[in-house]
Structure formats: C-alpha cells, structure tokens
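Only one structure is covered here, and it is reproduced in the block below.
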Amino acid sequence: MKSAPKVLGGLKQLSMLWFYVRDLRSSVRFYKEQVRFKLIYLDEENGWAAFDTGAEGVELGLNEWRLGDNVPRGGGGCPVFEVEDLGAAREEMEKRGVVFDGEIVGQEGSRRHTTFHDPDGNPIQLTQVWI
C-alpha cells in the first residue's frame with residue numbers, strides 16, 4: 001500500500017524540476033536520446049518542453065532562454081534520479097555519449113552517485129542506495 005504524501009508547510013511533493021537551455025531542440029534531443037526520458041510536451045514556439053522522469057508525478061521541464069546571449073548558470077538545483085544498478089546505468093548512458101564527471105563516489109551504508117551535465121552545463125546525478 002502506498003503511503004500518503006508527506007506535507008511540510010503546505011508542500012505536498014516535488015512535481016517538476018526545470019532548467020533554462022540555450023537551444024531547445026538540442027536539449028530535447030539530449031534528454032530523449034541520451035538520457036532516455038519520455039517527451040510528454042513540446043511547444044517550440046514558446047520555448048518549452050517537459051519530460052516524464054520515471055519518478056511518479058515528477059517532470060523535467062526545459063525553458064529556452066530568450067533574454068540575451070547568456071543562459072544563467074550556477075545556483076540552480078541538481079536533480080538526482082535513483083537507479084537499481086548505478087554501474088550498469090552509467091555504462092549504458094556512456095554508450096549513448098553521456099560524459100560523466102570522474103568516478104562513482106559515495107560511502108558504504110549510505111548512497112553512491114555519479115554526475116553528468118546536459119548541453120547547458122546543468123548538473124544531473126544518478127544515485128543508488130549502497131548497503
């Protein structure tokens with residue numbers, strides 16, 4: 001049986017993470033082909049796309065930056081997606097051209113994780129419970 005969502009200060013759950021991107025088409029291609037998220041919404045005219053992340057009720061949104069040449073960098077969040085087998089997930093993504101930062105890191109009894117970046121430098125992590 002699924003437990004009811006936790007409520008903290010009126011917040012129910014995370015529903016979306018989104019990033020500014022320079023080139024919507026390029027970023028959509030990256031998330032579809034290399035990360036393998038399912039595209040659920042695309043509005044190129046208004047510069048918006050959304051993906052099913054596989055986490056129930058949590059979408060990843062992309063918003064094309066149209067206010068000058070430089071997409072704001074840094075200071076944003078880092079979505080972390082849990083996987084069953086971190087080594088296998090990383091290896092599969094590397095075969096599709098995803099470049100990771102360094103090795104898989106972590107502490108036994110906690111989690112281990114690995115980080116990669118989308119075409120605009122936004123960080124994304126994969127994680128696995130490490131018992």
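The values are calculated or read from the model by the stated rules, or taken from the named source; none is laboratory data. Values in this document were obtained by computation on a predicted structure and should not be read as measured data. Neighbour counts are summed over all protein chains in view; Cβ atoms, including those assigned to glycine, are modelled from backbone coordinates with ideal geometry.
Data table
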item: Number of positions in the stretch 84-123 that are in contact with a strand residue (DSSP E or B) (Cβ under 6 Å, 6 or more places away or on another chain) and under 29 Å from Asn63 (Cα atoms); result: 14
item: Filtered residue count, the stretch 27-60, keeping only those that are in a strand (DSSP E or B) and surrounded by fewer than 17 Cβ atoms within 10 Å (Cβ to Cβ); result: 8
item: Flag if Pro123 is over 17 Å from Met16 (Cα atoms), surrounded by 13 or more Cβ atoms within 10 Å (Cβ to Cβ) and not hydroxyl-bearing (Ser, Thr, Tyr); result: no
item: Pairs, first in contact (Cβ under 8 Å) with a residue 60 or more places away in the chain in the stretch 77-98, second in a loop (DSSP other than H, G, I, E, B), C-beta under 8 Å, six or more apart; result: Pro79/Thr53; Arg96/Arg36
item: Selection from the stretch 79-120 of residues that are of a type outside the set (Ser, Thr, Tyr), outside any helix (DSSP H, G or I) and exposed (fewer than 12 other Cβ atoms within 10 Å of the Cβ); result: Glu84, Asp85, Arg96, Gly97, Val99, Asp101, Gly102, Glu103, Val105, Gln107, Glu108, Gly109
item: Any chance Asn70 is in a loop (DSSP other than H, G, I, E, B), of a type in the set (S, T, N, Q) and over 20 Å from Met16 (Cβ atoms); result: yes
item: Cross-chain or 6+ apart pairs with Cβ under 6 Å, the stretch 105-131 first and within 11 Å of Cys78 (Cβ to Cβ), then modelled with pLDDT of 90 or more and part of a loop (DSSP other than H, G, I, E, B); result: Phe116/Val98
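Each row is one residue, and each column tells you yes or no for (1) modelled with pLDDT of 90 or more; (2) not β-branched (Val, Ile, Thr).
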site	(1), (2)
Lys32	yes, yes
Phe37	yes, yes
Gly75	no, yes
Val80	no, no
Met93	yes, yes
Asp120	no, yes
